[in-house]
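Just below is one structure, and these are the notes that go with it.
The values are calculated or read from the model by the stated rules, or taken from the named source; none is laboratory data. In this text the structure is predicted, and so the values were computed from the model without any measurement. Surface areas here come from the heavy atoms of the whole protein model, side chains and all, with no ligands, DNA or RNA. Shrake-Rupley method; radii C 1.70, N 1.55, O 1.52, S 1.80 Å.
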Amino acid sequence: AQSVTQPDIHITVSEGASLELRCNYSYGATPYLFWYVQSPGQGLQLLLKYFSGDTLVQGIKGFEAEFKRSQSSFNLRKPSVHWSDAAEYFCAVGVNTGFQKLVFGTGTRLLVSP
Amino acid sequence: DVKVTQSSRYLVKRTGEKVFLECVQDMDHENMFWYRQDPGLGLRLIYFSYDVKMKEKGDIPEGYSVSREKKERFSLILESASTNQTSMYLCASSRQGFDGELFFGEGSRLTVL
């Protein structure tokens with residue numbers, strides 16, 4: 001079955017430091033991969049997506065992610081974290097089960113320390 | 001600005017009550033979704049609708065039903081609420097076809113006592 005694993009439940013990063021959030025997926029076919037962010041009290045917002053082509057994708061708010069097929073990974077990165085980046089981040093894989101849907105990971109909560 | 005609006009941000013209901021969660025989108029999207037969000041479990045799909053009056057079960061449809069009488073509105077119904085349905089419910093919409101971009105509402109936090 002399709003699944004997404006986000007091994008880190010919480011991560012704390014100092015403001016200005018770099019960030020990497022891990023995501024591993026399990027899916028038999030070529031995956032469609034996504035990162036969403038949920039700020040406190042808000043719904044989810046799409047950060048970036050990978051369908052095909054260049055394995056390094058750029059998103060909004062200065063985020064990027066790299067697809068590595070050999071590692072079944074799609075890690076999210078940002079070179080310098082801002083306090084406003086504190087939020088919960090969800091990785092998702094798009095699957096076709098008769099209709100298209102997203103399977104989400106369990107999320108990683110990012111805390112930013114001053 | 002595109003918007004998905006969930007009518008109730010916070011609800012408290014008693015076991016056995018019938019609960020309606022309403023969602024309206026103003027983007028003329030064909031697809032609408034109801035997810036449930038629980039700590040440590042992420043988001044799980046309850047139901048999905050790809051057109052008016054059409055619906056598909058998601059991963060956890062038991063105890064829920066849905067209604068889509070108009071394109072812009074998608075309702076989630078708990079016929080007889082139970083305490084294990086205490087959760088955050090998120091509505092989302094997307095364009096026809098699959099580009100993976102879901103637009104989410106702010107969520108409805110339901111507590112069943």
**Q.** Out-of-range pairs (alpha-carbon distance over 22 Å; input A:61/A:101; B:18/B:55; A:78/A:101; A:49/B:55; A:49/A:101; A:78/B:3)
**A.** A:61/A:101; A:78/A:101; A:49/B:55; A:78/B:3
Q: Leaving ligands, DNA and RNA out of it, work out the accessible area of residue A:22 with a 1.4 Å probe and give it in Å² to the nearest 10.
A: 110
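What percent do you get for the relative contact order of segment A:29-78 when only Cα pairs under 8 Å and 6+ apart count? If you can, show how the numbers build up before the last one.
Numbers: 77 pairs, mean separation 12.3, N = 50.
After rounding, I find 25 percent.
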**Q.** Nearest-10 value in Å² for the accessible area of residue B:13, using the 1.4 Å probe
**A.** 60
Q) What accessible surface, in Å², does a 1.4 Å probe find on residue A:52, ignoring ligands, DNA and RNA and rounding to the nearest 10? A) 90
Q | Residue among A:16, A:59, A:41 with the largest mean-square fluctuation in a Gaussian network model of chain A, springs linking Cα atoms under 10 Å | A | A:41
Q: Leaving ligands, DNA and RNA out of it, rank A:60, A:9, B:46 by accessible area with a 1.4 Å probe, largest first.
A: A:9, A:60, B:46
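Heavy atoms only, 1.4 Å probe, whole protein assembly: order B:80, B:49 by accessible area, highest first.
Working: B:80 75, B:49 0 Å².
Per-residue accessible area, sorted high to low, gives B:80, B:49.
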Q | Pair-distance profile P(r), taking every C-alpha pair of chain B, with 5 angstrom steps and integer % | A | 2, 13, 24, 27, 19, 10, 4, 1
Q: Have a look at B:21, B:41, B:76 and tell me which one the Gaussian network model of chain B (Cα, springs below 10 Å) gives the largest fluctuation.
A: B:41
Q | segment B:1-42, relative contact order [Cα under 8 Å, separation at least 6], % | A | 43
Q. DSSP beta bridges in the protein assembly as shown, what fraction antiparallel, as a percent rounded to 5?
A. 90
Q. Looking at the square roots a ≥ b ≥ c of the eigenvalues of the Cα gyration tensor of chain A, which shape do they give, rounded for a/c under 1.5, prolate if a/b is larger than b/c, or oblate?
A. prolate
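In the protein assembly as shown, how does Rg compare with the Kirkwood Rh, expressed as the Rg/Rh ratio over alpha carbon atoms? Intermediate values should be presented prior to the final figure.
Values: Rg = 17.5 Å, Rh = 18.1 Å.
Rg/Rh for the protein assembly as shown comes to 0.97.
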Q: Could you work out the relative contact order of chain B, using alpha carbon pairs under 8 angstrom and six or more residues apart, expressed as a whole percent?
A: 36
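Given segment B:1-58, report the % of alpha carbon pairs whose separation exceeds 16 Å.
Details: 976 of 1653 pairs.
Tail of the P(r) past 16 Å holds 59 percent of the pairs.
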Q. Pick from B:52, B:66, B:12: which residue has the top mean-square fluctuation in a GNM of chain B where Cα pairs under 10 Å get a spring?
A. B:12
Q: Taking all protein chains together and a probe of 1.4 Å, list A:66, A:15, A:88 from the most accessible to the least accessible.
A: A:15, A:66, A:88
